[in-house]
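Here is the structure we will look at.
What follows draws every value from the coordinates through simple rules; no lab data is involved. Predicted model only: the values in this text are computed from it and were never measured. With ideal geometry, Cβ positions are generated from the backbone for all residues, glycine too; neighbour counts draw on all protein chains shown.
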Amino acid sequence: MCGEAAVGKSSLVMRLVSGKHCANLPSTLGVDFHVKTVCVDGRNVALQLWDTAGQERFRSLCKSYFRRADGAILVYDVSSEHSFIKVRDWIDTIKDSVERQIPVILVGNKCDLRQEMGEVVSSQDGAALAAVCS
């Protein structure tokens, strides 16, 4: 899982792994590793979730985690134009780091803040960027 700092990557991972919402998590330093077992076509599959730091100083470290990934989840904050603009940089980082083409899921996070913070990035903007980057 990747994206700019403070877009909610760790909160998403915790929700996936534990089913609980964890507010105000500390910033990830480097990478955090989690496992979630899911049933796919009647088989249990262990998903390895790598929660990467979003700060620029950790970008080169993130590249090594992408190298052998089977997919990536790229997260932006719908209330942050900066995080949305940086999506293209993250896609370039992923493409430059992997050994083969992998699926990338684009996630617009913090949709619950649209009312409170105002909608900076619309659903249509996210869908348009996903279409361009696919």
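Summing Lys, Arg as +1 and Asp, Glu as -1, what charge do residues with Cβ under 14 Å from the Cβ of Glu119 carry, Glu119 excluded? Charge balance near Glu119 sits at -3. Taking the charge dipole of the chain about its Cα centre, with +1 at Lys and Arg Cβ atoms and -1 at Asp and Glu Cβ atoms, the residue from Gln124, Val38, Val78 reaching farthest to the positive side is Val38.
A straight Cα-to-Cα reach below 23 Å connects Lys86 with the lysines Lys9, Lys63, Lys95, Lys110, residues fewer than 8 places away in its own chain not being considered.
When +1 charges are put on Lys and Arg Cβ atoms and -1 charges on Asp and Glu Cβ atoms, the dipole computed for the chain relative to its Cα centre reaches about 440 debye. Tell me the volume per residue, in Å³, of the convex hull enclosing the alpha carbons of the stretch 92-134. Here the figure is 83 Å³ per residue. Decide, for the stretch 9-133, between rounded, prolate and oblate: order the square roots of the alpha carbon gyration tensor eigenvalues as a ≥ b ≥ c, take rounded if a/c falls under 1.5, and otherwise choose prolate if a/b is larger than b/c, else oblate. Rounded, since a/c falls under 1.5. Here the chain carries DSSP beta bridges of which approximately 60% are antiparallel, counting only pairs with both residues inside.
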